[in-house]
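The values are calculated or read from the model by the stated rules, or taken from the named source; none is laboratory data. From a predicted model like this one, the values you see are computed outputs, not experimental measurements. Please note: Cβ atoms are built from the backbone with ideal geometry, for glycine as well, and neighbour counts cover all protein chains shown.
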6 protein chains.
Amino acid sequence: MTNVAMTDEARELYSHATTASLTAQLVNRGLRTRAISNIAPVNPNTPRVFGPAYTLRYIPMREDLATGAAMADTNNPQRKAIEVVPAGHVLIVDTTGMDVSGTFGDILVARLRVRGVAGVVSDGPMRDIAELKTMDFPVFARGNAAPPSYASMLAADAQVPIGCGGVAVFPGDIVIADPDGVVVLPIAIAEEVARDAVEQDRLEAYVRERIEGGDSIVGVYPPNDDTKAAYQAWLAKR
Amino acid sequence: MTNVAMTDEARELYSHATTASLTAQLVNRGLRTRAISNIAPVNPNTPRVFGPAYTLRYIPMREDLATGAAMADTNNPQRKAIEVVPAGHVLIVDTTGMDVSGTFGDILVARLRVRGVAGVVSDGPMRDIAELKTMDFPVFARGNAAPPSYASMLAADAQVPIGCGGVAVFPGDIVIADPDGVVVLPIAIAEEVARDAVEQDRLEAYVRERIEGGDSIVGVYPPNDDTKAAYQAWLAKR
Amino acid sequence: MTNVAMTDEARELYSHATTASLTAQLVNRGLRTRAISNIAPVNPNTPRVFGPAYTLRYIPMREDLATGAAMADTNNPQRKAIEVVPAGHVLIVDTTGMDVSGTFGDILVARLRVRGVAGVVSDGPMRDIAELKTMDFPVFARGNAAPPSYASMLAADAQVPIGCGGVAVFPGDIVIADPDGVVVLPIAIAEEVARDAVEQDRLEAYVRERIEGGDSIVGVYPPNDDTKAAYQAWLAKR
Amino acid sequence: MTNVAMTDEARELYSHATTASLTAQLVNRGLRTRAISNIAPVNPNTPRVFGPAYTLRYIPMREDLATGAAMADTNNPQRKAIEVVPAGHVLIVDTTGMDVSGTFGDILVARLRVRGVAGVVSDGPMRDIAELKTMDFPVFARGNAAPPSYASMLAADAQVPIGCGGVAVFPGDIVIADPDGVVVLPIAIAEEVARDAVEQDRLEAYVRERIEGGDSIVGVYPPNDDTKAAYQAWLAKR
Amino acid sequence: MTNVAMTDEARELYSHATTASLTAQLVNRGLRTRAISNIAPVNPNTPRVFGPAYTLRYIPMREDLATGAAMADTNNPQRKAIEVVPAGHVLIVDTTGMDVSGTFGDILVARLRVRGVAGVVSDGPMRDIAELKTMDFPVFARGNAAPPSYASMLAADAQVPIGCGGVAVFPGDIVIADPDGVVVLPIAIAEEVARDAVEQDRLEAYVRERIEGGDSIVGVYPPNDDTKAAYQAWLAKR
Amino acid sequence: MTNVAMTDEARELYSHATTASLTAQLVNRGLRTRAISNIAPVNPNTPRVFGPAYTLRYIPMREDLATGAAMADTNNPQRKAIEVVPAGHVLIVDTTGMDVSGTFGDILVARLRVRGVAGVVSDGPMRDIAELKTMDFPVFARGNAAPPSYASMLAADAQVPIGCGGVAVFPGDIVIADPDGVVVLPIAIAEEVARDAVEQDRLEAYVRERIEGGDSIVGVYPPNDDTKAAYQAWLAKR
């Protein structure tokens, strides 16, 4: 298991950087495919999560293997993952493009919450939606489906590179989600990208003030030298 | 018309069983394709419905037949269905994969409500969404579209076997919907499946308590013999 | 720029006609493809917008051209559009089928709001969703995506005919959106269609009363001559 | 069963009219949705078929009903259709959007051929492709799939209105297929449309000669009065 | 590496069984999801292949990792697979739903051919199509794309369970492909299923003779007891 | 009109470079989205074309504008394009994602051929397929559809930037197509990329010889220094 040590500064950055600015910083670095779109928090009151990626990979089901009974096997990668994903990590799931089974339901999510896991990201649907909406735990997913995962999928392995919503995810990458979607930061540049994103968010707060005050976007967004200087002055006064 | 007599016990079971447990019970019986996913109640305050299926089938429109004027024909299968679907039934609709027309709007839904119909399930969009959100009547559908049904569809017949959201539905099957989606129970096993699902829901309430209390899922979910015994004791005390 | 003069009567009609009735009137005239379905207001408190169309067209990105730096170019059609779309118009955007980039974010939308633009319609996702949800400005879009538009798209030009959500839109067409979706009225018939739609809405309010009162839809919806006469009497009494 | 009497003239027209001209004539009459695209003859040596539609409708499978054993039931609508579709008719199939099962294989197709059926049109895949490619019998379909139909589908009924490839088909409509695809002519206008299409094909043969000879399309395609006159002269000389 | 010993009898069965009969036998055993549809041999003169599965898994690309230079790394799972997949095996590839890159081109395929590999199955496109069409080596794929694999994908690992075209594939499963598509047989039942399929093919050859001779399918296909007895007599005479 | 002067050397390079090597060279330069996949020559005997792009853009149809009569208007952008696209250019068409209408048929294609146009690329279907298959003129498209373009589309303008098959195309870009698909080279780097691609093709011919001779891909593909030296010696001997 990749247990990623995270500095306090990194934690602070990850807890504030918006996915909008993170993706802008990533595109600046030539990385255009780091975001999962059209994904939403099941419980709108838990709209943000971050942490190192713990990956889980499904494949399509095979009728003789994907059964309720198989779920009792403690070596089943899905069941095992629930008990071993480290506290603070985000469990991120490749559901192999299936959209007819729920990735997890309320009991597995309850276990993850008790264990201190940071949250769940799945590119497939969830089940027990009514319960998940009341749980104080961030789950980002695409839609709802009643059937258990094994109705259409089979857990293959965990902590391997996966594709989630078309995005390559390596164990230990930093996953950050907010209402705009999910971003996966390569660990080698995660802190640096987050630092620049937080700075971008700060600048854009200033720009937004200017725009609300009636300024044109010309020279202001993106900022020219005058605007940058004015921003520095604004920063100094805060 | 298939008028399904329903025992009080059946009614009680159908009114409580979750679609999550119903689908698990169905997969146990080798039936993996009984649920419609990514479907939601238009009015979130009416999140549950059950009843025997009354089916309505559309085909793609033909410009000379699918007109507003044709709606006045009392033999139009759509108009006829609205007046003859029995009280207590669920009107379930095959919209032939079209997603650019509203299946029904507020007037037809109002008529169904007045007539005591249990609810509506459509694998296509609805129209008059703003009104439907205020009506105390369960409508499960996929999205929103302004145009009337005949902009892209033509009602072909009613009370024939249909596919709804990829699920075979026979008239008289039991339809149950909640926030996880819609399940269609073959009538011959509906009551038995619902009974087992309600029992599963009860067991899972106990399991959830154990998990919230800090237990691992190992041996608890799915339950081993010890957990089953403890569950029986818990049940006895309730 | 097509600056469409709008009479007070037209404005009144457009501000009330539902997209459900507008599309019914359009189908009556042989126009079945004037509505964008499965599109929703980002901020549910701004569920309606109307105005002449100001069109913006994207093409797929090319890595060397679609960069953050290119956004500073005042000739960039996207940036230019933000500053020149006239007050009262609806900025309507063809995102070329891409669903992985946000069309606009909060700063550009704030500028449009300050400038008195009526609203935004995009057949792609938005970004800065959390902020847009708090802004008193109608934005109709399909989903959410964190990356900036240039992660996958390039603004090509403005005020040309476009396709938006499969609908042909010409500059100056009247765009009307409500919770059922977006309708695009050809300018030559816009006022007439809206007038008939408002009348249809009025009739349907009466029909809805009748249905709620227990009447069958037969002869009432669509109305036969008796119902039409009764409606006239009802109207006279109002 | 709709047994459509066909005049010799109609037969002659249907055997020559191209689907390209037939669809042009249909669009002239306001019917834009009468063609199935991206469909091809399995055996490229049998690239044309016409005849009245005999419809067969599938729904999604249900595991307990869609079995090999069920195929022996002579009331199974699929099996029954094979024996009762009249000679000269086209068996046209609604495969409910499924693309993982073969609609028919070589044995059922052999039976249809022996019985004098005109051909098969399916909006799903075929199986026994290698054999079908050697049989002197037109089968138009979309792709290939090894599994038997009942792996994912269940025959529901026959000779009802269906949707095939997004096109409404009524029993008795005239189906005409060539390498451009399949066209479904409403029976009431079939002969008239075919007559105009054959005339259009004749005119376009002349236009093609002119274009190959170096003429511009201006005034020639579509033809102005001069070109029409020259065409009449050309016709007279043939 | 799973090196599957194969008996001569098994080899004989696998070299003759059609995917049509194999899938029918699998559905009889409750396995409905063992076939990849809409896949075709690139070179139509190599329409059949069988062998144990050697799996290769891609994930979506990440721009800094998926480069031409990375292809020189001998630990790259794609490059490694080419050199280690055993003779007689089928290299079967999960392309993660991408359809814009070629899985392999002529040089890698040439190497596989020289090494005695049985063939290639990919659920994505191929490149160097013109060359592959001239090579005496079975490659089954879906379409064509010019860009190298790393334009949109990254090889993640080999010899792990994968999904290929929606079908679960385990290393060592028996892969059989013909013009109807690709079937993946679980190794534990592969020989038995193939034996029954070969017998079914033999019976269907007899049935086809009967049908061509003018018999109805009733009682013949599927065969009743009389037909089965006649078949045994026919077999005895061969 | 962008009339691109082309040197004899450029012409020679474009006439030989494979799209496989061109896309590899483009990815090396950070351009991953320059190829249209799953597109094929309608006539397999005309499998290659190159030339500067002349773009044509469609939008979705509007019933009152997209008629046969409108085709007679010499200002119709589609008709105009046919007469003005310069000899030697490739007419490349954005069909706005529609797949139910034929982009062009045999008469327009015949006119383009007579006028010396290099070829046609469309991301939609063609019509008059049977005729196009016999014409000595390269047309690359996706599938077949009988209806005329105006059944679902309306020509909007020409010689503007377009998206074709998800690829940004600017007027004057160099379009090259072969059986692997279509590549669009930005004009500024077209000759340089083609030069490198032709060199890569030459190197790969050598590599292919080595692989056919039994060499491993290790050190040979991609080539290490030894292989590069041996290649130079091989080149010298040719």
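Any residue at all in segment D:105-121 that is within 21 Å of D:Ala35 (Cα to Cα) and in a loop (DSSP other than H, G, I, E, B)? Give the steps one after another, and end with the answer.
Initially, segment D:105-121 is screened for residues within 21 Å of D:Ala35 (Cα to Cα), giving D:118-121.
Among the residues that remain, those that are also in a loop (DSSP other than H, G, I, E, B) are: D:118.
Yes: one or more hits.
Kindly evaluate B:Leu91 against the criterion of being crowded, with 24+ Cβ neighbours inside 10 Å, within 11 Å of another protein chain (Cβ to nearest Cβ) and over 19 Å from D:Thr33 (Cβ atoms). Can you show your working first?
On the way: crowded, with 24+ Cβ neighbours inside 10 Å: yes; within 11 Å of another protein chain (Cβ to nearest Cβ): no; over 19 Å from D:Thr33 (Cβ atoms): yes.
It is false that B:Leu91 is crowded, with 24+ Cβ neighbours inside 10 Å, within 11 Å of another protein chain (Cβ to nearest Cβ) and over 19 Å from D:Thr33 (Cβ atoms).
Kindly evaluate F:Pro222 against the criterion of being within 30 Å of C:Asn76 (Cβ to Cβ) and not acidic (Asp, Glu). Give the steps one after another, and end with the answer.
On the way: within 30 Å of C:Asn76 (Cβ to Cβ): no; not acidic (Asp, Glu): yes.
Against the criterion (within 30 Å of C:Asn76 (Cβ to Cβ) and not acidic (Asp, Glu)), F:Pro222 does not qualify.
For segment F:31-68, how many residues are within 8 Å of chain E (Cβ to nearest Cβ) and of a type in the set (Gly, Ala, Ser)?
Qualifying residue count for the region: 3.
Could you tell me whether D:Gly68 is surrounded by fewer than 24 Cβ atoms within 10 Å (Cβ to Cβ) and at positive phi? Walk me through it before giving the result.
Values: surrounded by fewer than 24 Cβ atoms within 10 Å (Cβ to Cβ): yes; at positive phi: no.
When the stated conditions are applied, D:Gly68 does not pass them.
Looking at (1) modelled with pLDDT under 95; (2) over 24 Å from E:Thr227 (Cβ atoms); (3) not acidic (Asp, Glu), which is the only condition D:Ala87 fails?
So D:Ala87 meets the others, but not (1).
Could you list, in sequence order, the residues of segment D:172-197 that are within 11 Å of chain F (Cβ to nearest Cβ) and in contact with a Ser or Thr (Cβ under 8 Å, 6 or more places away or on another chain)?
D:Ile176, D:Ala177, D:Asp178, D:Asp180, D:Gly181, D:Val182, D:Val183, D:Ala197
Scan segment D:145-157 and give yes if some residue there is out of contact with any Ser or Thr (no Cβ under 7 Å at 6 or more places or on another chain), within 14 Å of chain E (Cβ to nearest Cβ) and outside any helix (DSSP H, G or I), otherwise no.
yes
Is it the case that C:Arg142 is within 14 Å of chain A (Cβ to nearest Cβ) and within 16 Å of the chain's Cα centre (by Cα)?
Values: within 14 Å of chain A (Cβ to nearest Cβ): yes; within 16 Å of the chain's Cα centre (by Cα): yes.
Here the answer is yes, as C:Arg142 does meet what is asked.
Would you confirm, using the coordinates I've provided, whether B:Ala188 is surrounded by 20 or more Cβ atoms within 10 Å (Cβ to Cβ), more than 13 Å from the chain's Cα centre (by Cα) and not in a strand (DSSP E or B)?
Values: surrounded by 20 or more Cβ atoms within 10 Å (Cβ to Cβ): no; more than 13 Å from the chain's Cα centre (by Cα): yes; not in a strand (DSSP E or B): yes.
No, not satisfied.
Filter segment F:140-157 for residues that are under 13 Å from C:Ala168 (Cα atoms) and among the small types (Gly, Ala, Ser); which is surrounded by the most Cβ atoms within 10 Å (Cβ to Cβ)? Step through it out loud before you land on a result.
Initially, segment F:140-157 is screened for residues under 13 Å from C:Ala168 (Cα atoms), giving F:150, F:152-156.
Adding the requirement that they be among the small types (Gly, Ala, Ser) leaves F:152, F:155-156.
On the way: F:Ser152: 26, F:Ala155: 22, F:Ala156: 23.
Step by step, filter segment F:140-157, then rank; the result is F:Ser152.
Restricting to segment F:73-89, give me the number of residues that are in contact with a helix residue (DSSP H, G or I) (Cβ under 8 Å, 6 or more places away or on another chain) and of a type outside the set (Val, Ile, Thr).
Qualifying residue count for the region: 5.
If B:Met98 satisfies every condition in (1) assigned to a loop (DSSP other than H, G, I, E, B); (2) within 11 Å of chain C (Cβ to nearest Cβ); (3) surrounded by 24 or more Cβ atoms within 10 Å (Cβ to Cβ); (4) in contact with a Phe, Trp or Tyr (Cβ under 8 Å, 6 or more places away or on another chain) but one, which is the exception?
Looking at each condition in turn, B:Met98 falls short on (3).
Being surrounded by 24 or more Cβ atoms within 10 Å (Cβ to Cβ), more than 10 Å from every other protein chain (Cβ to nearest Cβ) and under 19 Å from A:Glu12 (Cβ atoms), is that true of even one residue in segment A:198-217?
No - not one qualifying residue is present in segment A:198-217.
Go through F:Ala168, F:Ala177, F:Ala190 for me and flag whichever is touching a strand residue (DSSP E or B) at 6+ places or on another chain (Cβ under 7 Å), in contact (Cβ under 8 Å) with a residue 40 or more places away in the chain and under 30 Å from F:Thr67 (Cα atoms). Lay out the reasoning, then the answer.
Working: F:Ala177 fails: under 30 Å from F:Thr67 (Cα atoms); F:Ala190 fails: under 30 Å from F:Thr67 (Cα atoms).
Testing whether each residue is touching a strand residue (DSSP E or B) at 6+ places or on another chain (Cβ under 7 Å), in contact (Cβ under 8 Å) with a residue 40 or more places away in the chain and under 30 Å from F:Thr67 (Cα atoms) leaves just F:Ala168.
Applying the selection to segment C:1-30, what residues are within 14 Å of chain B (Cβ to nearest Cβ) and either of a type in the set (Val, Ile, Thr) or surrounded by fewer than 18 Cβ atoms within 10 Å (Cβ to Cβ) (or both)?
Our first condition is that a residue be within 14 Å of chain B (Cβ to nearest Cβ); within segment C:1-30, this holds for C:16-30.
C:His16, C:Thr18, C:Thr19, C:Thr23, C:Val27, C:Asn28, C:Arg29, C:Gly30 - these are the residues of segment C:1-30 that are within 14 Å of chain B (Cβ to nearest Cβ) and either of a type in the set (Val, Ile, Thr) or surrounded by fewer than 18 Cβ atoms within 10 Å (Cβ to Cβ) (or both).
List the pairs whose first member sits in segment D:35-47 and is over 23 Å from F:Ser149 (Cα atoms), whose second member is assigned to a loop (DSSP other than H, G, I, E, B), and whose Cβ atoms are under 7 Å apart, counting only residues at least 6 apart or on separate chains?
Going by the 7 Å Cβ cut-off, the qualifying pairs are D:Val42/D:Lys133; D:Asn43/D:Lys133; D:Asn43/D:Met135; D:Thr46/D:Asp136; D:Thr46/D:Phe137; D:Thr46/D:Pro138.
Residues of segment E:113-122 being aliphatic (A, V, I, L, M) and either more than 10 Å from every other protein chain (Cβ to nearest Cβ) or crowded, with 24+ Cβ neighbours inside 10 Å (or both), which ones? Break it down into steps so the answer makes sense when it comes.
Taking segment E:113-122 as the starting set, the residues that turn out to be aliphatic (A, V, I, L, M) are E:114, E:117-118, E:120-121.
If the condition is that a residue be aliphatic (A, V, I, L, M) and either more than 10 Å from every other protein chain (Cβ to nearest Cβ) or crowded, with 24+ Cβ neighbours inside 10 Å (or both), then E:Val117, E:Ala118, E:Val120, E:Val121 are the ones that fit.
For segment D:191-219: of the residues being not in a helix (DSSP H, G or I) and not charged (D, E, K, R), which is farthest from F:Val84 (Cα to Cα)? Before the answer, list the steps.
At the first step, the residues of segment D:191-219 found to be not in a helix (DSSP H, G or I) are D:213-219.
This time we only want the ones that are not charged (D, E, K, R), so: D:213-214, D:216-219.
Details: D:Gly213: 18, D:Gly214: 14, D:Ser216: 11, D:Ile217: 11, D:Val218: 12, D:Gly219: 15 Å.
Across segment D:191-219, the extreme among qualifying residues is D:Gly213.
Scan F:Tyr58, F:Tyr54 and give me the residue that is outside any loop (DSSP other than H, G, I, E, B), out of contact with any Leu (no Cβ under 6 Å at 6 or more places or on another chain) and modelled with pLDDT of 95 or more. Give the derivation first.
Working: F:Tyr54 fails: out of contact with any Leu (no Cβ under 6 Å at 6 or more places or on another chain).
From the options F:Tyr58, F:Tyr54, the qualifying one is F:Tyr58.
Identify, by number, the condition in (1) in contact (Cβ under 8 Å) with a residue 24 or more places away in the chain; (2) farther than 21 Å from E:Gly181 by Cα that D:Val114 doesn't meet.
It is condition (1) that D:Val114 fails.
Determine whether F:Pro125 is more than 7 Å from every other protein chain (Cβ to nearest Cβ) and under 30 Å from C:Met153 (Cα atoms).
On the way: more than 7 Å from every other protein chain (Cβ to nearest Cβ): no; under 30 Å from C:Met153 (Cα atoms): yes.
So F:Pro125 fails the test.
Looking at (1) more than 22 Å from D:Gly213 (Cβ to Cβ); (2) touching a helix residue (DSSP H, G or I) at 6+ places or on another chain (Cβ under 7 Å), which is the one condition that is false for F:Gly143?
Of everything listed in (1) more than 22 Å from D:Gly213 (Cβ to Cβ); (2) touching a helix residue (DSSP H, G or I) at 6+ places or on another chain (Cβ under 7 Å), F:Gly143 misses just condition (2).
Count, please, the residues in segment D:44-58 that happen to be polar (S, T, N, Q) and surrounded by fewer than 18 Cβ atoms within 10 Å (Cβ to Cβ). Quick ask: steps written out before the conclusion?
So in segment D:44-58, the residues polar (S, T, N, Q) come out as D:45-46, D:55.
Then keep just the ones that are surrounded by fewer than 18 Cβ atoms within 10 Å (Cβ to Cβ); that gives D:45.
Selection size over segment D:44-58: 1.
Would segment C:65-76 turn up any residue that is of a type in the set (A, V, I, L, M), part of a loop (DSSP other than H, G, I, E, B) and over 16 Å from the mean Cα position of the chain (by Cα)? Even if it seems obvious, please write down each step before you answer.
Our first condition is that a residue be of a type in the set (A, V, I, L, M); within segment C:65-76, this holds for C:65-66, C:69-72.
Filter once more, so that each one left must be part of a loop (DSSP other than H, G, I, E, B): C:65-66.
Adding the requirement that they be over 16 Å from the mean Cα position of the chain (by Cα) leaves C:65-66.
Checked against the condition, which is being of a type in the set (A, V, I, L, M), part of a loop (DSSP other than H, G, I, E, B) and over 16 Å from the mean Cα position of the chain (by Cα), segment C:65-76 yields at least one hit.
If you scan segment C:130-139, which residues turn out to be free of Cβ contacts under 8 Å to residues at least 12 places away in the same chain and crowded, with 20+ Cβ neighbours inside 10 Å? Show your work before the answer.
Initial filter on segment C:130-139 (free of Cβ contacts under 8 Å to residues at least 12 places away in the same chain): C:130.
Within segment C:130-139, no residue meets the criteria.
Could you tell me how many of the residues in segment F:158-177 are among the small types (Gly, Ala, Ser), assigned to a loop (DSSP other than H, G, I, E, B) and within 18 Å of C:Asp157 (Cβ to Cβ)?
Taking segment F:158-177 first, the residues among the small types (Gly, Ala, Ser) are F:158, F:163, F:165-166, F:168, F:172, F:177.
Among the residues that remain, those that are also assigned to a loop (DSSP other than H, G, I, E, B) are: F:165-166, F:172.
Filter again for within 18 Å of C:Asp157 (Cβ to Cβ), leaving F:172.
Residues that pass the stated criteria total 1.
Does E:Thr18 satisfy the condition of being among the hydroxyl-bearing types (Ser, Thr, Tyr) and modelled with pLDDT under 95? Give the derivation first.
On the way: among the hydroxyl-bearing types (Ser, Thr, Tyr): yes; modelled with pLDDT under 95: no.
Here the answer is no, as E:Thr18 does not meet what is asked.
Select from segment B:158-171 the residues that are of a type in the set (A, V, I, L, M) and at the interface with chain D (Cβ under 7 Å from one of its Cβ atoms) and write down the one among them that is surrounded by the most Cβ atoms within 10 Å (Cβ to Cβ). Full working, then the answer.
Step one: list which residues in segment B:158-171 are of a type in the set (A, V, I, L, M), which gives B:158, B:160, B:162, B:167-169.
This time we only want the ones that are at the interface with chain D (Cβ under 7 Å from one of its Cβ atoms), so: B:160, B:162, B:167-168.
On the way: B:Val160: 19, B:Ile162: 29, B:Val167: 25, B:Ala168: 25.
Once the filter is applied, the top-ranked residue is B:Ile162.
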